[in-house]
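What follows is a set of notes on a single structure, which appears directly below.
Every number in this text was worked out from the coordinates using simple rules, so none of it is lab data. Quick caveat: nothing in here was measured; it's all calculated off a predicted structure.
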Amino acid sequence: MLKEIKYIDIEQVPELVRIAEEVRDSQEPRVLRKGKEPLAVVVPVSGEAGAPQSQASGSLADGYSSVPALGKKLSIKRMVEIAADEHARETAREAL
């Protein structure tokens, strides 16, 4: 089962704010590295974290069908969080 996404306030870290704003403005994920070692993926979101992006391609049905059946009812917000986590993992794999 996927873990809940934890939030980190970066307001007091100007360099991270700059990177996050660049990702938001470009709508393209970035892989953060230390030397050649990938450490994390920064993925753009719009509106509230975890909210569906209005610029997303495909239909709602396409997005919903990409979320695996978990055997229990989930909120739309939780389904979006799961899909975003899967997307971040896939993006990280492609960047390696």
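Expected output is a single nm value to one decimal: the length gained when fully extending between A88 and V31, i.e. 0.36 nm times separation in residues minus the C-alpha distance. What is it?
Numbers: separation 57, 0.36 × 57 = 20.52 nm, distance 0.97 nm.
Stretched fully, the A88-V31 segment lengthens by 19.6 nm.
Checking the cross-link filter: which lysines have an alpha carbon closer than 26 Å to that of K3, excluding same-chain neighbours under 8 positions apart?
Partners found: K34, K72, K73, K77.
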